[in-house]
């Protein structure tokens with residue numbers, strides 16, 4: 001059974017890992033646009049960029065998750081001909097789809113945070129979500145409650161939910177006009193590179 005779980009877990013990680021790069025790209029593009037708009041003193045444009053990248057991300061992650069969910073009975077056959085492995089991948093599919101959604105949102109929201117210059121806040125969120133929530137929860141679910149690979153996956157998924165929720169809260173509560181003021185104060189404090 002352990003080999004089946006390991007194989008199924010590895011198969012399920014492949015699309016989630018590959019898909020993360022799509023969302024990371026959207027987040028990186030959003031980060032650049034947001035920082036450019038804030039630097040140019042256009043808070044409304046920065047806010048519009050946030051809305052656009054979030055909508056793009058949501059549409060993309062929901063589409064991919066739905067396709068993966070509806071193909072879950074045959075998806076495992078792309079990697080293995082072992083029926084038990086394919087069946088276990090089928091069981092992991094709902095967790096895989098939720099992970100794709102949460103990882104996608106987290107990647108884009110992290111990009112927004114980078115564009116606003118909140119790297120220090122992002123670092124605290126990431127450390128807290130992984131080391132205080134995801135890792136202990138994954139260990140308990142996997143080894144104490146004997147949920148095995150599903151427990152590991154659920155722990156990491158809950159960590160992603162915490163992470164995305166924190167980033168989403170910060171983004172939703174952002175005063176974009178004040179971001180311009182903060183950027184100008186930082187420029188005065190650090191000095192303008194053109195001088």
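For region 137-150, what are the residues that are in a helix (DSSP H, G or I) and at positive phi? If the condition is that a residue be in a helix (DSSP H, G or I) and at positive phi, then 148 is the only one that fits.
Just to verify a result, which residue in region 46-85, among those that are within 13 Å of residue 176 (Cβ to Cβ) and free of Cβ contacts under 8 Å to residues at least 12 places away in the same chain, is surrounded by the most Cβ atoms within 10 Å (Cβ to Cβ)?
48
Among all residues of region 1-13, there is at least one that is more than 20 Å from residue 180 (Cα to Cα) and under 16 Å from the mean Cα position of the chain (by Cα).
For region 8-21, give me each residue that is over 19 Å from residue 74 (Cα atoms) and either surrounded by fewer than 16 Cβ atoms within 10 Å (Cβ to Cβ) or touching a strand residue (DSSP E or B) at 6+ places or on another chain (Cβ under 9 Å) (or both). Residues satisfying the conditions are 17, 21. Filter region 160-185 down to the residues that are assigned to a helix (DSSP H, G or I), modelled with pLDDT of 95 or more and more than 12 Å from the chain's Cα centre (by Cα), then identify the one that is surrounded by the fewest Cβ atoms within 10 Å (Cβ to Cβ). The selected residue is 172. Among the candidates 41, 30, single out the residue that is in a helix (DSSP H, G or I) and either at pLDDT 95 or above or surrounded by fewer than 17 Cβ atoms within 10 Å (Cβ to Cβ) (or both). The match here is 30. When restricted to residues that are over 15 Å from the mean Cα position of the chain (by Cα) and under 19 Å from residue 13 (Cα atoms), region 138-159 contains 10.
The values are calculated or read from the model by the stated rules, or taken from the named source; none is laboratory data. Since the structure is predicted, the reported quantities are computational estimates derived from the model, not experimental observations. A quick note on method: Cβ atoms are made from the backbone with ideal geometry, for glycine too, and the neighbour counts reach across all protein chains shown.
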